[in-house]
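> My questions will all concern the structure given below.
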Amino acid sequence: MIVFKIQKKLQSASGEMLLNLDFEIKENEFVTLYGSSGSGKTTTLRILSGLSEADKGIITINNETWLDTDKKIQLPPQKRKIAYVFQDYALFPNMSVRENLSYALEKGQDKTIIEELLTLMELEQLQHQKPAQLSGGQKQRVALARALVRQPDILLLDEPLSAVDHEMRVKLQDYIIQVHRKYKLTTILVSHDIAEIYKMSDKVIVLENGKISKQGTPEQVFSSRLVSGKFQFVGEILKIEKENFIYIVVVLIGNNVVKIIAMEEEIRDLNIGNKVLIASKAFNPIITKID
Amino acid sequence: MIDFEPIYLTLKLAFCTTIILLVLSLPLGYWLAYSKLKSKVIVEAIVSLPLVLPPSVLGFYLLLAFSPENAFGKFLDQYFDIRLVFTFPGLVIASVLYSLPFMVQPIQNGFKSLSKSLMEASLLLGKSKTETLLKVLIPNIKKAILTGIVLTFAHTIGEFGVVLMVGGSIPSETKVVSIAIYDEVQAMNYHNANVYAGILFAFAFVVLLCVYSINHRFSQTNPLQ
């Protein structure tokens with residue numbers, strides 16, 4: 001269980017902002033921090049990992065105190081056992097893939113974890129390459145593998161998927177879900193992508209100007225009303241075509257293009273580029289705007 | 001007949017200066033690149049002073065400081081029996097101060113050019129700052145370190161004003177090539193002056209040639225730098 005109660009003054013483009021957060025995350029939960037840029041998502045991860053300091057607050061992990069400003073307790077980043085995947089991957093350019101992973105080993109730690117992670121992330125073929133020779137998606141997998149070498153309980157992902165193309169993104173999401181389950185991690189992901197959030201998270205925390213504006217399951221947060229559908233997918237509207245009395249809405253779900261029939265009143269507030277939720281109740285698909 | 005002693009002395013001075021500066025500048029450059037202290041601008045300004053000060057000014061003050069007539073020189077003389085005026089060790093100290101920015105600045109810029117997340121990633125992998133410095137940061141600024149080494153070495157060889165003030169022109173002790181050229185011209189021995197000057201000229205060219213070709217190769221094999 002992560003208990004996170006902190007305050008920190010931030011300087012943003014629009015002036016001073018107070019980051020004031022209070023949330024709890026259960027063990028093995030997959031939580032996404034969602035919000036516009038500058039809302040404090042990355043800072044939250046940095047404070048949790050000890051890279052940035054909070055002005056005031058408490059962080060406890062399973063009853064172990066990492067931060068308590070009143071008692072002047074502040075564990076340095078080295079002592080917080082956290083896997084952190086940076087937005088720019090932060091692979092060490094002077095080391096090969098294997099060396100990047102081995103560097104992370106603790107003194108006396110069993111080296112078999114290296115082989116295990118290289119296999120799991122399908123990096124064996126690349127293990128002797130230097131980071132400069134890898135593609136974005138490959139670097140991403142190395143960064144994830146390296147972060148997991150010390151076998152931490154908590155995984156923090158700072159928009160790791162923003163720089164790779166759609167297909168790679170979907171594949172990497174699967175890798176992340178796989179390690180989250182296999183190593184029983186508590187994972188916090190920073191993401192802007194609603195489809196990704198639906199696919200991966202148990203819980204979403206929405207940040208606005210440094211405060212939590214909403215939290216709950218992705219359905220609770222992103223659907224204006226609860227839909228009790230059998231199937232639910234999130235997609236993006238590519239095209240809206242009129243055909244006689246009905247409309248055909250072309251939606252990109254994952255990498256599939258799907259056509260949905262909708263009536264005039266249903267498409268009234270839909271535009272090309274909108275993120276939508278497609279739910280199917282037995283035979284009748286329902287289409288609802290979600291942002 | 002040409003005396004090769006000044007050439008040997010020049011190389012010895014440049015070598016000693018470069019080694020000492022390398023050892024000093026790695027921690028100093030690291031500190032200047034990462035410290036959040038506001039007072040570091042003062043240190044930055046002091047390090048860069050030799051770039052703008054006439055060498056004779058620096059040499060003059062060092063001469064005063066090293067002189068056994070004055071406090072610092074007297075202290076060294078009395079307690080350690082060390083004389084720095086008109087001696088080779090004095091010349092090395094003067095050169096170290098004079099070439100300081102040529103080593104510190106490339107190293108400081110090298111550290112600054114590295115993504116901050118490299119250091120943070122290493123800390124989050126449980127590594128100490130020293131281990132991070134030695135295994136992650138320094139290996140990734142090799143090019144900057146090489147630039148610092150070559151610039152310092154070449155700059156020390158070309159030194160004249162500071163050497164003249166602090167060292168004078170004592171054969172086998174402080175008479176380096178640049179001083180030797182001056183002496184030979186004063187004595188109207190243009191032939192000897194020409195030989196010394198030619199050697200320095202060729203040396204400077206070869207050094208720069210090496211730097212540029214090594215830099216080209218580095219940037220081809222490692223596009224991250």
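> B:A204 fails exactly one of the following numbered conditions: (1) exposed (fewer than 13 other Cβ atoms within 10 Å of the Cβ); (2) farther than 14 Å from B:F4 by Cα. What is the number of that condition?
Exception for B:A204: condition (1).
Residue-wise test of (1) of a type outside the set (S, T, Y); (2) surrounded by fewer than 22 Cβ atoms within 10 Å (Cβ to Cβ); (3) at pLDDT below 95.
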{"site": "A:L19", "(1), (2), (3)": "yes, no, yes"}
{"site": "A:S37", "(1), (2), (3)": "no, yes, yes"}
{"site": "A:G40", "(1), (2), (3)": "yes, no, yes"}
{"site": "A:E53", "(1), (2), (3)": "yes, yes, yes"}
{"site": "A:N63", "(1), (2), (3)": "yes, yes, yes"}
{"site": "A:Q74", "(1), (2), (3)": "yes, yes, yes"}
{"site": "A:P77", "(1), (2), (3)": "yes, yes, yes"}
{"site": "A:K81", "(1), (2), (3)": "yes, yes, yes"}
{"site": "A:Q87", "(1), (2), (3)": "yes, yes, yes"}
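> Just a yes or no: is a residue in the range B:152-167 free of Cβ contacts under 8 Å to residues at least 12 places away in the same chain and surrounded by fewer than 17 Cβ atoms within 10 Å (Cβ to Cβ)? Spell out how you get there, then give the answer.
We begin by selecting, within the range B:152-167, every residue free of Cβ contacts under 8 Å to residues at least 12 places away in the same chain; these are none.
Looking for residues that are free of Cβ contacts under 8 Å to residues at least 12 places away in the same chain and surrounded by fewer than 17 Cβ atoms within 10 Å (Cβ to Cβ), one finds none in the range B:152-167, hence no.
> Return yes or no: is B:G148 away from chain A (no Cβ under 14 Å), in contact with a helix residue (DSSP H, G or I) (Cβ under 8 Å, 6 or more places away or on another chain) and of a type outside the set (K, R)?
Working: away from chain A (no Cβ under 14 Å): yes; in contact with a helix residue (DSSP H, G or I) (Cβ under 8 Å, 6 or more places away or on another chain): yes; of a type outside the set (K, R): yes.
Taking the combined requirement at face value, the residue satisfies it.
> Among the residues of the range A:147-191, what is the count of those that are among the basic types (K, R) and under 12 Å from the mean Cα position of the chain (by Cα)? Break it down into steps so the answer makes sense when it comes.
Step one: of the range A:147-191, the residues among the basic types (K, R) are A:150, A:169, A:171, A:181-182, A:184.
Subset that is under 12 Å from the mean Cα position of the chain (by Cα): A:169.
Total satisfying the criteria: 1.
> When the range B:183-192 is examined, which residues are found to be over 11 Å from B:I2 (Cα atoms) and surrounded by 16 or more Cβ atoms within 10 Å (Cβ to Cβ)?
Of the range B:183-192, the ones over 11 Å from B:I2 (Cα atoms) are B:183, B:185-188, B:190.
Once the filter is applied, which keeps residues that are over 11 Å from B:I2 (Cα atoms) and surrounded by 16 or more Cβ atoms within 10 Å (Cβ to Cβ), the range B:183-192 yields only B:D183.
> Now for a different question. Have a look at B:I82, B:I141, B:I181 and point out the one that is over 14 Å from the mean Cα position of the chain (by Cα), within 12 Å of chain A (Cβ to nearest Cβ) and not hydroxyl-bearing (S, T, Y).
B:I141
> Follow-up. Could you go through the range B:116-126 and let me know if any residue there is part of a helix (DSSP H, G or I), within 27 Å of B:R217 (Cβ to Cβ), within 13 Å of chain A (Cβ to nearest Cβ) and among the aliphatic types (A, V, I, L, M).
Within the range B:116-126, one or more residues are part of a helix (DSSP H, G or I), within 27 Å of B:R217 (Cβ to Cβ), within 13 Å of chain A (Cβ to nearest Cβ) and among the aliphatic types (A, V, I, L, M).
> Let me ask something additional. Look at the range A:48-72 and say how many of its residues are more than 17 Å from A:M1 (Cα to Cα) and within 14 Å of chain B (Cβ to nearest Cβ).
Residues of the range A:48-72 more than 17 Å from A:M1 (Cα to Cα): A:50-56, A:69-72.
Applying the additional criterion that residues be within 14 Å of chain B (Cβ to nearest Cβ) yields A:50-53.
So the count comes out to 4.
> Restricting attention to the range A:90-106, does a residue exist that is modelled with pLDDT under 90 and either surrounded by fewer than 18 Cβ atoms within 10 Å (Cβ to Cβ) or farther than 30 Å from B:N140 by Cβ (or both)? Before the answer, list the steps.
At the first step, the residues of the range A:90-106 found to be modelled with pLDDT under 90 are none.
No, every residue in the range A:90-106 fails to be modelled with pLDDT under 90 and either surrounded by fewer than 18 Cβ atoms within 10 Å (Cβ to Cβ) or farther than 30 Å from B:N140 by Cβ (or both).
> Could I ask something else about it? Count, please, the residues in the range B:63-92 that happen to be part of a helix (DSSP H, G or I), of a type in the set (G, A, S) and either crowded, with 16+ Cβ neighbours inside 10 Å or at pLDDT 85 or above (or both).
First, the residues of the range B:63-92 that are part of a helix (DSSP H, G or I): B:63-66, B:71-80, B:88-92.
Checking the rest, the ones that are also of a type in the set (G, A, S) come to B:65, B:71, B:73, B:90.
Still in the running and either crowded, with 16+ Cβ neighbours inside 10 Å or at pLDDT 85 or above (or both): B:65, B:73, B:90.
Counting residues in the range B:63-92 that are part of a helix (DSSP H, G or I), of a type in the set (G, A, S) and either crowded, with 16+ Cβ neighbours inside 10 Å or at pLDDT 85 or above (or both) gives 3.
> Counting only residues that are hydroxyl-bearing (S, T, Y), farther than 26 Å from B:G168 by Cα and surrounded by 13 or more Cβ atoms within 10 Å (Cβ to Cβ), which one in the range B:10-39 is farthest from the chain's Cα centre (by Cα)?
First pass over the range B:10-39, keeping only residues hydroxyl-bearing (S, T, Y): B:10, B:17-18, B:25, B:30, B:34-35, B:39.
Next, only the ones that are farther than 26 Å from B:G168 by Cα stay: B:25, B:30, B:34-35, B:39.
Among the residues that remain, those that are also surrounded by 13 or more Cβ atoms within 10 Å (Cβ to Cβ) are: B:25, B:30, B:34.
Details: B:S25: 10, B:Y30: 17, B:Y34: 22 Å.
Residue satisfying both the conditions and the ranking: B:Y34.
> If the requirement is being of a type in the set (G, A, S), without any contact (Cβ under 8 Å) to a residue 40 or more places away in the chain and part of a helix (DSSP H, G or I), which of these qualifies: B:A14, B:A45, B:A33? Can you show your working first?
Values: B:A14 fails: without any contact (Cβ under 8 Å) to a residue 40 or more places away in the chain; B:A33 fails: without any contact (Cβ under 8 Å) to a residue 40 or more places away in the chain.
Result: B:A45 is the single residue among B:A14, B:A45, B:A33 that is of a type in the set (G, A, S), without any contact (Cβ under 8 Å) to a residue 40 or more places away in the chain and part of a helix (DSSP H, G or I).
> Consider A:G136 against the criteria (1) more than 11 Å from chain B (Cβ to nearest Cβ); (2) buried (at least 19 other Cβ atoms within 10 Å of the Cβ); (3) modelled with pLDDT under 95: it satisfies all of them except one. Which criterion is unmet?
The single condition A:G136 does not satisfy is (2).
> Right, another one. If I filter the range A:73-123 down to residues being more than 9 Å from chain B (Cβ to nearest Cβ) and among the charged types (D, E, K, R), which single residue comes out as nearest to B:E120 (Cα to Cα)?
The selected residue is A:E99.
> Still on this model: With respect to B:F60, determine if the residue is at pLDDT 90 or above, outside any loop (DSSP other than H, G, I, E, B), of a type in the set (F, W, Y) and within 17 Å of B:V176 (Cβ to Cβ). Give the derivation first.
On the way: at pLDDT 90 or above: yes; outside any loop (DSSP other than H, G, I, E, B): yes; of a type in the set (F, W, Y): yes; within 17 Å of B:V176 (Cβ to Cβ): no.
For B:F60, the condition - at pLDDT 90 or above, outside any loop (DSSP other than H, G, I, E, B), of a type in the set (F, W, Y) and within 17 Å of B:V176 (Cβ to Cβ) - is not met.
> Would you check if A:S223 is in contact with a strand residue (DSSP E or B) (Cβ under 9 Å, 6 or more places away or on another chain), hydroxyl-bearing (S, T, Y) and more than 23 Å from A:N62 (Cα to Cα)? Walk me through it before giving the result.
Values: in contact with a strand residue (DSSP E or B) (Cβ under 9 Å, 6 or more places away or on another chain): yes; hydroxyl-bearing (S, T, Y): yes; more than 23 Å from A:N62 (Cα to Cα): yes.
Spelling it out, A:S223 is indeed in contact with a strand residue (DSSP E or B) (Cβ under 9 Å, 6 or more places away or on another chain), hydroxyl-bearing (S, T, Y) and more than 23 Å from A:N62 (Cα to Cα).
> Out of B:S95, B:S99, report the one residue that is away from chain A (no Cβ under 14 Å), touching a Pro at 6+ places or on another chain (Cβ under 8 Å) and part of a helix (DSSP H, G or I).
B:S99
> Spot the failing condition for B:V136; the list is (1) aliphatic (A, V, I, L, M); (2) free of Cβ contacts under 8 Å to residues at least 60 places away in the same chain; (3) more than 14 Å from chain A (Cβ to nearest Cβ); (4) crowded, with 22+ Cβ neighbours inside 10 Å, and only one is missed.
It is condition (3) that B:V136 fails.
> Let me ask you something else. What do you reckon, is B:I107 buried (at least 20 other Cβ atoms within 10 Å of the Cβ) and aliphatic (A, V, I, L, M)?
Working: buried (at least 20 other Cβ atoms within 10 Å of the Cβ): yes; aliphatic (A, V, I, L, M): yes.
Considered against the rule, which asks whether it is buried (at least 20 other Cβ atoms within 10 Å of the Cβ) and aliphatic (A, V, I, L, M), B:I107 comes out as yes.
> Continuing with this model, one more query. Tell me whether the range A:159-174 contains one or more residues that are crowded, with 19+ Cβ neighbours inside 10 Å and within 13 Å of chain B (Cβ to nearest Cβ).
Scanning the range A:159-174, I find at least one residue that is crowded, with 19+ Cβ neighbours inside 10 Å and within 13 Å of chain B (Cβ to nearest Cβ), so the answer is yes.
The values are calculated or read from the model by the stated rules, or taken from the named source; none is laboratory data. Note that the structure is a prediction, hence the values are computed from the model and not measured. Reconstructed Cβ throughout: ideal geometry from the backbone, glycine too, with neighbour counts over all protein chains shown.
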